[in-house]
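Asks: Quick one: structure below, then a few questions.
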Amino acid sequence: MNQFPENFLWGGAVAAHQVEGGWNLDGKGVSIADVMTAGGNGIGRKITHGVLDGAYYPNHEAIDFYHRYKEDIQLFKEMGLKVLRTSINWTRIFPNGDDKEPNEKGLQFYDDLFDELHANGIEPVITLSHFEIPFHLYEAYGGFKNKQVIAFFVHYAETVMTRYKNKVKYWMTFNEINNQADGQHDLHTWTNSAILFNQNESQAKKEEVIYQAAINELIASAKVVKLGHQINPDFQIGCMMAYVPVYPFSSKPDDQMAALKVMNRRFFYSDVHAIGVIPNYILNEWKQKKYSINVTEEEKKILREGTVDYIGFSYYMSGTVTTLDEKGDLITDYPKTKWLRNPHVEASDWGWQIDPVGLRYILNILDQRYHLPLFIVENGFGAYDSVENNQVHDQYRIDYLQAHIAEMKKAVLEDGVNLLGYTPWGIIDIVSFGSGEMEKRYGMIYVDKDNAGQGTLTRLKKDSFNWYQSVIASNGENI
Ligand code: BG6
């Protein structure tokens with residue numbers, strides 16, 4: 001047999017803030033994504049204090065999915081998607097985050113969207129928080145470092161899970177919850193937890209705050225998993241992790257140990273999500289660094305009771321670390337460990353290492369560690385495309401996806417990994433999260449819009465569209 005299991009969930013993935021636009025329509029409040037300006041390849045995005053006149057915020061219009069989703073769903077249907085992963089924009093439902101009553105127009109939008117998907121044979125897979133926390137929760141509460149925010153998230157989740165209990169089965173709590181582990185990147189602590197650090201803050205202080213926010217999110221997630229199962233016992237509620245397998249650069253035993261230590265910074269999150277306990281390697285780290293992280297016995301019980309049904313994760317690249325005296329970027333929290341470019345793999349124009357075997361490797365690692373179903377909810381190739389005669393010949397994207405699907409197939413068919421589905425990222429061109437560019441394109445559907453926000457927003461099928469259509473139609477036999 002050369003096909004994926006029957007009912008394998010072939011799909012595509014996007015996130016509300018990267019596609020919808022309509023940032024202030026029908027009662028929607030300001031989210032943290034609405035105050036991020038455009039950056040560029042190698043140029044970081046800026047976070048502004050509120051929405052400033054004259055600044056360009058690419059997520060404000062995005063690709064106008066808010067008004068064009070019917071047209072886009074027709075293309076998804078033609079492609080053969082069985083599922084579409086997107087998120088609910090928290091501020092459409094609770095504009096400030098701490099509101100008591102939800103915004104009916106926001107709820108109605110997702111009713112309409114989910115109905116349209118179902119009417120076209122596509123099941124929604126929903127992330128509750130994909131970098132869309134209300135800006136007000138940052139201003140008034142300091143984001144997730146404040147335990148009060150847990151209750152706001154749970155209230156939001158309960159509202160949408162109740163409303164859509166017969167329309168959505170697959171949920172995820174926090175997108176790439178682990179991406180904030182490295183406090184050096186403002187963008188990640190901001191988008192995951194709505195925390196902005198003062199630049200003079202020590203690295204240790206930042207890390208302590210991030211751990212507190214992370215624990216608060218993990219508690220919020222566990223509460224929602226438990227609650228969701230009460231709302232509908234058929235719900236499948238997962239976590240969402242960014243998995244970048246980290247390899248030792250050399251066979252020097254210290255390099256192997258360094259790679260394990262760096263991996264622990266990711267495993268921490270999925271260990272708590274999936275096993276329900278805070279692992280010893282983290283408790284010990286907190287003790288050694290004299291961090292005081294507030295977790296009560298009652299909260300530990302919540303963590304145990306709210307373990308996830310599956311592990312959702314993104315996979316784009318692998319990383320390599322070394323303790324050898326090589327030139328590289330120091331990973332500050334683990335002395336003398338450095339990131340180093342892997343000489344055995346290529347990289348994209350944005351420097352992301354292309355490593356299909358890494359996907360098979362991490363699928364095996366996660367399968368063996370958690371014994372839970374896995375779901376690849378992001379994978380893809382951000383690249384520059386050019387349009388000639390209304391066509392986009394994106395063989396490079398097909399090559400990337402083809403190689404990754406081939407390795408995923410080996411993981412399922414040869415290694416016996418229990419994989420629910422595959423939703424490649426940015427199935428349609430969207431605003432890049434990291435750079436705010438439109439021209440870092442992942443899509444199999446081209447959207448006519450450039451980095452400055454100019455364009456007709458017209459959609460166009462790329463070569464990869466037809467290729468993926470045939471992959472799905474043959475259930476992965478023809479790749
Ligand atoms: C993941 C995010 O980090 O990677 C997405 O979940 C993001 O929101 C994707 O878009 C690709 O990153 P980028 O920076 O190329 O858009």
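Readers should treat all values here as calculations from the given coordinates under stated rules, not as data from a laboratory. All values derive from a computational prediction rather than experimental measurement. Cβ coordinates were reconstructed from backbone atoms using ideal geometry, including for glycine residues, and neighbour counts include every protein chain displayed.
Asks: Taking a threshold of 31 Å on the Cα-Cα distance, which of the pairs K205/K336; K77/K165; K165/K449 fall above it? Please report the intermediate quantities before stating the final value.
Replies: Working: K205/K336 20 Å; K77/K165 23 Å; K165/K449 36 Å.
Exceeds cut-off: K165/K449.
Asks: Sticking with this one: As a test of the formula, what do you get for the chain when each DSSP H run with n ≥ 4 contributes -39,500 (n - 2.57) and the sum is divided by the residue count, at 222 nm and rounded to the nearest 500 deg cm²/dmol?
Replies: -12500 deg cm²/dmol
Asks: In debye, nearest 20, what is the charge dipole magnitude of segment 135-228 about its Cα centre with +1 on Lys and Arg Cβ and -1 on Asp and Glu Cβ, if you could check?
Replies: In total the dipole reaches around 640 debye.
Asks: Once you keep just the Cα pairs under 8 angstrom separated by 6 or more residues, what percentage relative contact order results for segment 9-473?
Replies: 17 percent.
Asks: Distance from the Cα centre of segment 292-330 to that of segment 160-221, in angstrom?
Replies: If you average the Cα positions of each part, the centres end up 12 Å apart.
Asks: Find which of G143, Y66, G97 sits farthest along the positive direction of the dipole of the chain, computed with +1 on the beta-carbon of Lys and Arg, -1 on that of Asp and Glu, about the Cα centre.
Replies: Highest projection toward the positive end goes to G143.
Asks: Hey, if you put +1 on the Cβ of every Lys and Arg and -1 on every Asp and Glu Cβ in segment 189-327, which of A194, S318, N284 ends up farthest toward the positive end of that dipole?
Replies: N284
Asks: As a footprinting exposure proxy, order T320, T173, T48, T458 by other Cβ within 10 Å, with the fewest listed first.
Replies: Least to most surrounded, the residues fall as T458, T48, T320, T173.
Asks: In what order do E217, E346 fall by count of nearby beta-carbon atoms within 10 Å, going from fewest to most?
Replies: So the ranking, lowest neighbour count to highest, is E346, E217.
Asks: With +1 on the Cβ of every Lys and Arg and -1 on the Cβ of every Asp and Glu, and nothing else charged, how large is the dipole of segment 9-473 about its Cα centre, in debye rounded to the nearest 20?
Replies: On the way: 46 positive and 60 negative charges, 210 e Å.
Approximately 1020 debye in magnitude.
Asks: Sticking with this structure for a sec: Reported to two decimal places, what Rg/Rh ratio describes segment 9-473 when computed on Cα atoms with Rh from the Kirkwood expression?
Replies: Computed over Cα atoms, the ratio is 0.94.
Asks: Could I ask something else about it? Between the alpha-carbon centers of segment 37-96 and segment 437-460, tell me the distance in whole angstrom.
Replies: 12 Å
Asks: Hydropathy first: keep DSSP H helices in the chain averaging at least 0.5 on Kyte-Doolittle, then drop any whose Cα extent along the axis falls short of 15 Å, and list what survives.
Replies: What comes out of the filter, once short or polar helices are dropped, is 148-163.
Asks: Which of the peptides 462-472, 68-78, 237-247 is most tightly packed, and how do the rest follow, judged by the mean count of other Cβ atoms within 10 Å per residue?
Replies: Numbers: 462-472: 19.5, 68-78: 16.5, 237-247: 24.9.
By packing density, highest mean first, the sequence is 237-247, 462-472, 68-78.
Asks: Oh, and also: May I ask you to sort W23, W350 by Cβ crowding, counting other Cβ atoms within 10 Å and putting the fewest first? Spell out each step's value before the answer.
Replies: Working: W23 22, W350 18.
Lowest to highest Cβ neighbour count: W350, W23.
Asks: Okay, moving on. Say the dipole of segment 346-428 comes from +1 at the beta carbon of Lys and Arg and -1 at that of Asp and Glu; which of Y422, Y370, Y396 then lies farthest toward its positive end?
Replies: Ranked along the dipole, the leading option is Y370.
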